Structures are given as structure tokens and as C-alpha cells.
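Please treat every number below as a calculation from the coordinates, not as lab data. Predicted, not measured: the structure shown is a model, and the values here were computed from it. Please note: Cβ atoms are built from the backbone with ideal geometry, for glycine as well, and neighbour counts cover all protein chains shown.
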Amino acid sequence: MSVTLNPSPESAVADRILGVAKSILADVGEAGLRIDDVMEGASVQAPVIYRHFGSREGLVQSAYLARHTDNVLATIRLFAANSIDAADETEFRAGFENMMDVIFSGESVEIALVRLEVFAAGLKRPELAGRLSEGQAIAVETPIAVLEMAQAKGWIRPDINVREFVFWAISATLGQAAVARYRREPESAKLWADNHLLAVRAVLFGASS
């Protein structure tokens, strides 16, 4: 069954509805998202919700997609802020180290957990899965562009496939989030982060870095 996906509404009312739905998803999960609660939180009646999102399912999927978009934009801003305007190798490396500290931090694990949650929601929802794939494609383009720039300037190893590296690095952060979520042992998540950070440095800058 087709659903109405509206993750970036132009209407202020629809945006308010979506914001409430996103908050409910974050707080209690999909099963706890009730139209009555959205109505109360957004100060609207049910017909207004259905006019903008078609159904509860349309609202749920739009909220998932909006959370993923927020996540993607956070990733893009992180790369842009730390590396894209580097003037030399020293500045690039300093920005890269700062970026890695953030990516493998507890806060970043929470961001990755959101991404895992949204991916799981898309497993049996073709429309949502398709839009998530589009969002992921956008998410990887900025880090790929940054690293290709660095490679062209000789700041990282010339013999690596940047695109493959970025996909591997993203999978590492998602893996760290999964360890944190399902093992519930801070030491395990920290060990995962430390080992992958060493691996990232070795791949980009050489084993002696």
C-alpha cells in the first residue's frame, strides 16, 4: 500500500506535527506513537494530520525519514566544519583527528543508533527504504569529496579507494553503535572504537601514523 511521505513539509502546521511525531518516536518508539498524542502535542485535529500525511503510517514513515535526514545533515556538517577548508596537511590532520573524536564518541553512537533504528523500520517498507537509500547516497558524498581532495593533495595515501573506505568507516560506526546497544558494556564499545580508530588512521595515513 502506498503511503504519503512528507519529511520536509513547507507548511508550518505540518512541520509542527512532524516535530511532535519525531519526538514521540525518539521517546517511546513507533508502537507508542498515537494520533491522539500527536494531536495534543501539535494542537491540531486528526483531519489536519491526515491531510498532510495521509494516515498514521504516512506520519510514522515521514518521521523516520525526517530523523534520518537530520542524521545525514549532522554528518555532512561535521565533515564540512573540520576538513573541507583545510589550508594544508597539518590543518587537515588536526581537523580529521577532531572529527574522529566526535565520530567515535558516545554522542555519535547515539546518532548511529538512530540510523540503525530507522534502517530497521525500512526493512518491510519499500517507499521508506527507497528514500533512505537516497539519503545514504547523499550522506557519503561529502566525506568522499573531502577525502578525494586530500588524496589529490597528497595528504592521505594515494593507493586507497576512497569510496570503499568511506563505506567501510560508516559500517564501523554502525557496528560500534550495535555493540553499545546490544552488549550494553561500555568497555566493549570503547574497545571497538579504539581499534577502529587505529585502523582508520592506518588506512588513510599509513601504519606508522
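Between Asp194 and Asp88, the modelled label-to-label distance comes to 3.3 nm, taking each label 7 Å out from Cα in the direction of the beta carbon.
Of all aspartates and glutamates in the structure, the ones whose alpha carbon falls short of 20 Å from that of Lys153, not counting any fewer than 8 places away in one chain, are Asp85, Asp88, Glu89, Glu91, Glu97, Glu141, Glu164. Projected label points at Asp27 and Ala12, each 7 Å from Cα along the beta carbon direction, are separated by 2.3 nanometres.
Determine the shape class of region 1-63: with a ≥ b ≥ c the square roots of the Cα gyration tensor eigenvalues, call it rounded for a/c under 1.5, and otherwise prolate if a/b is greater than b/c, oblate otherwise.
Because its axes are fairly even, with a/c under 1.5, region 1-63 counts as rounded.
The label point for Glu40 and the one for Leu123, both projected 7 Å from the Cα toward the Cβ, are 3.2 nm apart. Using the Cβ of Ala31 as centre and a radius below 14 Å, the other residues enclosed give a net charge of -3, where K and R count +1 and D and E count -1.
Pairs of alpha-carbon atoms within less than 8 angstrom and 6+ residues apart define the contacts here; what relative contact order does region 7-54 have, in percent? Worked out over region 7-54, it gives 35 percent. Pick out, in residue order, every one of the trypsin sites (Lys or Arg not before Pro) in region 27-73 that is DSSP loop and has at most 13 other C-beta atoms within 10 Å; say none if there are none. For trypsin sites (Lys or Arg not before Pro) across region 27-73 that sit outside H, G, I, E and B with at most 13 neighbouring Cβ atoms in 10 Å, the list reads Arg34. With contacts taken as Cα pairs under 8 Å and at least 6 residues apart, the chain reaches a relative contact order of 18 percent. Find out how many positive minus negative residues lie around Glu127, taking Lys and Arg as positive, Asp and Glu as negative, among other residues whose Cβ is under 14 Å from that of Glu127. Residues near Glu127 contribute +1 overall. Full extension of the chain between Ser171 and Ala202 yields a length gain of 9.5 nm, computed as 0.36 nm times the residue separation minus the alpha carbon distance. Straight-distance candidates among the lysines for linking to Lys124, with alpha-carbon spacing under 30 Å and chain neighbours fewer than 8 residues away dropped: Lys22. Per-residue extension of 0.36 nm, minus the Cα-Cα distance of Glu164 and Leu73, leaves a gain of 30.7 nm for this segment. Charge tally around Trp155: other residues with Cβ under 9 Å, Lys/Arg +1 each, Asp/Glu -1 each, net 0.
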